[in-house]
Amino acid sequence: MTALSGFARNQLTLSFARMGVGVGEATASPTAYSLISDYFPAGRRATALAIYSSGLYLGGGVSLLIGASIVQRWNQAFPAGGPLGLVGWQAAFLVVGIPGLLVAAWVATLREPARDGTGKTAHPFREFVADLSTIVPPFTLIGAARRGFGALVLNLGFAAIMAGLAVFMIELTGNFPQWSAVGLGYYAIFSWATSLRARDPATFRLIWGTPAFVCLTIGNGMVSLTAYALAFWSPPYAETVLQLPKQELAFILGANGAAAGFLGVILGGRTADAWRLRNPAGRVLVVLFGVVAPVIPIWIGYTTVNPTLFYSMNFLAVMFGSAALAAAAATSQDLVLPRMRGTATAAFLLGTTLVGLVFGPYMVGQISDSAGSVVDGKLVGDLQTGILSLIGVAPIAAALVIYSYRALPKAEATVAERAAEGPNR
């Protein structure tokens, strides 16, 4: 789908191709987390997941470097368009997308690890279609109706609440795409969660019914909120506020993000496993570090006019924040039974997406516009204020993670007991 993005000729075809990329990425991590958690014992799980997750940072940083270089060189070589009429950005999609097909063939050779105490799903694709009917509107209404009149009323009621909230926020901000997507996304999650509660109450109890899991997921989602916002806004900030050249930014921030993210997630994963040996909730302390530690680098980096200091502080902010990922992911796997790991990962990553990705870049942009001023009839946003507002997220995230830290030992110790409870308890 990345390669197909390179053949897009208009916004519609590019949008569908990018949606395909999103579907592929969304299915990868729940599967990978589950496989890795089966391959490695609990004491090494954070390190293993950290190595896997480091690909996110290496890939993101390297793609920025490669993409910028390809676009520039291709457009210089073919000012009027190259073979098949492709321009620079299309060539960049093809160059980074086509190798993925080769890697996919390699990944297909992986063997499913043996799993103790669980049976095989008889019809996985049939269950996939059934799951889809609990997530995608308007099929969600059919799924709810099958569970009874009360379930249908509850589903419609939540849909009305989300629609009303979306309309209110659209009227307030004038941003239809953002808030219509938020309303639809949270409605889909609600539909999925209520369906899961009806058909698999044990999994529901260990995920949505476990406060330690929910608080950890939202807390880590807020770490992701900061990370996504910095990744999105640091290049335009450095270009417009610090007046740094675009080519320099593509190289330095790309390398900066790749190296910082790689080091942070690897060191965080290794530290999380080491601390877990001493403390059942030790991994959560690494998540807490990922919440609190970036605050000072963000404050210094986005108030200085010194480019070297800006790059250094941005490096530290990314490295400290990325330390939380593997620790939080491994903890989410510890709180469920083996058969539930894929579903638990899906729920965990919803926090990353529908808290971090949905609100991070948007929040900074909205606050920047609100704090900006009109110059020559045009709104000029205050990016510095917008980025510094991310510091305000830290106390909320810290409170959630601290609660998870306190609740985790009991929650993990009672996993089997709570999974075996009757459906009405």
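Throughout, read-outs are computed from the coordinates displayed, never taken from laboratory work. As the structure is a computational prediction, the values presented were derived from the model and not from experiment. Because the Cβ atoms are built from the backbone with ideal geometry, glycine has one as well, and the counts that use them run over all protein chains shown.
Quick notes
- The angle between the Cα long axis of helix 307-334 and the main principal axis of the chain comes to about 10°, on a 0 to 90 degree scale.
- Using Cβ point charges alone (K and R +1, D and E -1), the dipole size of the range 152-275 about the Cα centre works out to roughly 340 debye.
- Residues of the range 328-345 with an amide N closer than 19 Å to a point placed 7 Å from the Cα of residue 27 along the Cα-to-Cβ direction: 341-345.
- For the chain, size of Cβ-based charge dipole, Lys and Arg +1, Asp and Glu -1, in debye: 1000
- Computed lengthening from residue 114 to residue 76, 0.36 nm per intervening residue step minus Cα-Cα distance: 8.4 nm
- Think of the chain as a dipole: +1 on every Lys or Arg Cβ, -1 on every Asp or Glu Cβ, centred on the Cα centre; then among 196, 359, 263, 196 lies furthest on the positive end.
- Karplus-derived 3J(HN,Hα), 6.51/-1.76/1.60, for each residue of the range 150-157, Hz, glycine and proline x: x, 5, 5, 4, 4, 5, 5, x
- Peptide ranges 7-20, 223-236 listed from the most packed, as the mean C-beta count within 10 angstrom indicates: 223-236, 7-20
- Ratio Rg/Rh, restricted to the chain and using Cα atoms, in which Rh is the Kirkwood radius: 0.97
- Mean projection area, nm², convex hull over Cα of the range 1-90: 6.9
- For the range 396-406, backbone phi angles converted through the Karplus equation (6.51, -1.76, 1.60; θ = phi - 60°) give residue-by-residue couplings of 5, 4, 4, 4, 5, 5, 5, 4, 4, 4, 6 Hz, Gly and Pro being listed as x.
- Reported value for the range 10-61: 65 Å³ per residue, from the convex hull of its C-alpha atoms.
- The range 312-371 shape via C-alpha gyration tensor axes, a/c threshold 1.5: oblate
- FRET efficiency, residue 172 to residue 198 (Cβ-Cβ, R0 45 Å, nearest 0.05): 0.80
- Förster-model FRET efficiency, 25 Å R0, residue 44 and residue 420, C-beta, rounded to 0.05: 0.35
- Pairwise alpha-carbon distances in the range 123-199 exceed 15 Å for 55% of all pairs.
- The gain in end-to-end length when the residue 84 to residue 146 segment is fully stretched comes to 17.3 nm, 0.36 nm per residue minus the alpha carbon separation.
- Between residue 384 and residue 279, the distance separating the two model label sites (each 7 Å from Cα on the Cα→Cβ line) works out to 3.7 nm.
- Cα gyration tensor of the range 204-356 - equivalent ellipsoid semi-axes, whole Å, descending: 32, 15, 12
- Relative contact order (%) - criterion: Cα under 8 Å, at least six apart; region: the range 294-418: 23
- Vicinal HN-Hα couplings computed from phi for the range 241-254 (Karplus, 6.51 cos²θ - 1.76 cosθ + 1.60; Hz; Gly/Pro x): 8, 8, 6, 8, x, 4, 5, 5, 5, 4, 6, 6, 5, x
- Across q = 0.09, 0.12, 0.19 Å⁻¹, the range 65-216 modelled as identical point scatterers on its alpha-carbon atoms has Debye log10 I(q)/I(0) values of -0.59, -0.87, -1.09, in the order of the q list.
- In plain terms, the chain from residue 98 to residue 370 could stretch by 93.7 nm, reckoned as 0.36 nm per residue minus the Cα-Cα distance.
- Extent along principal axes [Cα atoms of the range 186-267; Å; largest to smallest]: 56, 31, 17
- Against the main long axis of the alpha-carbon atoms of the chain, helix 11-39 sits at an angle near 50°.
- Nearest-ten-degree value, helix 211-240 long axis tilted from longest Cα axis of the chain: 10
- The packing ranking, built from the mean of other Cβ atoms within 10 Å per residue, places the peptides 269-275, 147-153, 164-170 in the order 269-275, 164-170, 147-153, highest first.
- At R0 = 22 Å, FRET efficiency that the Cβ-Cβ distance of residue 410 and residue 154 yields, to 0.05: 0.15
- Taking the chain and dividing mean pair separation by its residue count, relative contact order in percent (alpha carbons under 8 Å, at least six apart): 23
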